[in-house]
Amino acid sequence: MDFRIQVSSPDSWADVACDALVLIVPADGGHQPAHDPALPAVLALAVSDATAQGDLSPKAGKCLYLHRPVGVRAARVVIVVAGADTPKAFKAAVVLGIQQLKGGGSKHVAVGFAGSAALNDAHAEALVTAVLDATYLYRHTKPSAPAASNIAKVTLLCSKAESKALQAGLVRGQAIGAGVLLAREWANRPGNHCTPTHLAQVARKLGKDHELKVEVLDRKACEKLGMGSFLSVAQGSAEPLRFIVARYDGAAKSVPPVVLVGKGITFDTGGISLKPGAEMDEMKYDMGGAASVLGALRAVAELKPKLNLVCIIPSCENMPGGNAVKPGDVVTSMSGQTIEILNTDAEGRLILCDALTYAERFKPAVVVDVATLTGACVVALGHHHSGLFTADDTVATQMLAAAQAGLDPCWRMPLDEEYDEGLKSHYADMANIGSRAGGAITAAMFLRRFTGKYRWAHLDIAGSAWKSGAAKGSTGRPVSLLTHFVLAQAA
Ligand code: BES
Ligand code: MN
Ligand code: ZN
């Protein structure tokens, strides 16, 4: 996909050379662009007359399609009402415009914003991620599916004053958008097409394309490191585990890196504590944390900020079997702390804890782990916000700011000592589950026991990484949040 900006005053938008013009107008009806000259009469009239006739109400999300309107060079015009001037509202409007056009014959789409505020870099970033998101279609195991869209080029119309910031936004949007697509694609792939070995190959390919250092540890290497907790999850599966470490070096060696840790369970059956059958297929996205970390790494490697980044992905399957770990088994984590496994379905924390201990060797500036960790988080926050857990107010502020900048929301959850109570075990330093109540928090409290040596935040993306129902599939979240967070560490 080709994204550009074109300096073009609104009074010339009827003459823009393109196959389709998406005209975004604000809900307040004040379709007077910031860049002063008004829309050409043909477009202004279309908006005002359609509104007067009741064919276009000034409500966010309303659309009107015009085919070959006389006096307009583009064969198609889509008018979309945006709820506000914000990047968020702009993004929603772009998605609607593209959805109207993507199945048709348009190859080149131009987008003009007739709002009263000036566009900035966040709008341009939102445009790109919206277009990439709206035109993505999963085809890997369904190659017969027709391509989702013919759109190959998108031009954002703007004023001279806006153009510099918008160009920067387009660049960032393309990097983040590509990262989101990478994460979506891999989280959508079925467990037999996305194994730990595949994930390691993805990391290796990223390493080749972007000059990253990629190291992949196998079972033997993990045994040597004493990762008894991670190994206990992997032991029930015939599929070999992988422990992936990928580094982007954009600053001096002495600069402490940002470390991202992603849960890479390529299929979660629950193990001996087997999950019920309904919707178990969806547990192929239990590597969504890993996928989003790889997506963020791709975006960062493309944008080349002056910082160091390390990505760590413990990856295996969680399967029942003659060799599988059993409820009641006690394992020794890499940290030396022992864990009584009361439920083999609480496996995410068991693989993450060893990765969090492994992270210590990088003397990190900050560590963020990302995991489809608990069903309880879906109950608490639904599919909109990711759950953010950190005891560090500074990191919390930075994460919330990144979420806002990336239009990728998260919500801070509590981490008080009182929630640690439930992890007590008669037979080990801790159990791997607490009571059902506050399950997302007790999971985070478990991880917290392994993060004493650095600043740390945990994102539970069990809800945000996946959509159920008609639009079923992965979302590529929280690639945007993570990328913004990492980029802000360079500034
Ligand atoms: N991968 C699941 C969490 C999950 C559930 C993600 C639903 C997405 C949608 C995780 O490994 C798990 O099974 N967690 C258990 C923990 C429980 C046994 C304490 C859960 O949430 O039920
Ligand atoms: Mn599980
Ligand atoms: Zn899981």
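Here are the numbers for the structure shown:
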quantity: For Pro320: the one exception among (1) in contact with a strand residue (DSSP E or B) (Cβ under 9 Å, 6 or more places away or on another chain); (2) within 15 Å of ligand 1 (Cβ to nearest atom); calculated: (1)
quantity: Single match in Val259, Val293 (criterion: more than 14 Å from ligand 3 (Cβ to nearest atom), part of a strand (DSSP E or B), under 19 Å from Ile351 (Cβ atoms) and touching a strand residue (DSSP E or B) at 6+ places or on another chain (Cβ under 7 Å)); calculated: Val259
quantity: Qualifying positions in the range 360-374 - in a strand (DSSP E or B) and within 16 Å of ligand 3 (Cβ to nearest atom); calculated: Asp369, Val370, Ala371
quantity: Number of positions in the range 276-330 that are of a type in the set (A, V, I, L, M), more than 16 Å from ligand 2 (Cβ to nearest atom) and either under 28 Å from Val366 (Cβ atoms) or without any contact (Cβ under 8 Å) to a residue 12 or more places away in the chain (or both); calculated: 14
quantity: Cβ pairs under 8 Å, 6+ apart, first in the range 209-221 and under 13 Å from Arg298 (Cα atoms), second aromatic (Phe, Trp, Tyr) and at pLDDT 95 or above; calculated: His210/Tyr248; Leu212/Tyr248
quantity: Strands (runs of 3 or more DSSP E) wholly inside the range 296-341 that include at least 3 residues being buried (at least 17 other Cβ atoms within 10 Å of the Cβ); calculated: 308-318
quantity: Close pairs from the range 409-438: first among the aromatic types (Phe, Trp, Tyr), partner within 16 Å of ligand 2 (Cβ to nearest atom) and part of a helix (DSSP H, G or I), Cβ under 7 Å, at least 6 apart; calculated: Tyr419/Thr442
quantity: Exclusive hit being within 14 Å of ligand 1 (Cβ to nearest atom), at pLDDT 95 or above and either in contact with a helix residue (DSSP H, G or I) (Cβ under 7 Å, 6 or more places away or on another chain) or not assigned by TED's automatic domain parsing to the domain that holds Arg361 (or both), set Ile339, Ile272, Ile312; calculated: Ile339
quantity: Subset of the range 203-224 (residues that are out of contact with any helix residue (DSSP H, G or I) (no Cβ under 7 Å at 6 or more places or on another chain) and among the hydrophobic types (A, V, I, L, M, F, W, C)); calculated: Leu217, Ala221
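Condition check ((1) under 19 Å from Ser9 (Cα atoms); (2) free of Cβ contacts under 8 Å to residues at least 40 places away in the same chain; (3) not acidic (Asp, Glu)) across all residues:
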position	(1), (2), (3)
Leu45	yes, yes, yes
Gln53	no, yes, yes
Arg68	no, yes, yes
Ala75	no, no, yes
Ala82	no, no, yes
Gly105	no, no, yes
Val109	yes, no, yes
Ala122	no, no, yes
Tyr136	no, no, yes
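The values are calculated or read from the model by the stated rules, or taken from the named source; none is laboratory data. Note that this is a predicted model, so its numbers are computed, not measured. Ideal geometry is used to build each Cβ from the backbone, glycine not excepted, and the neighbour counts take in all protein chains shown.
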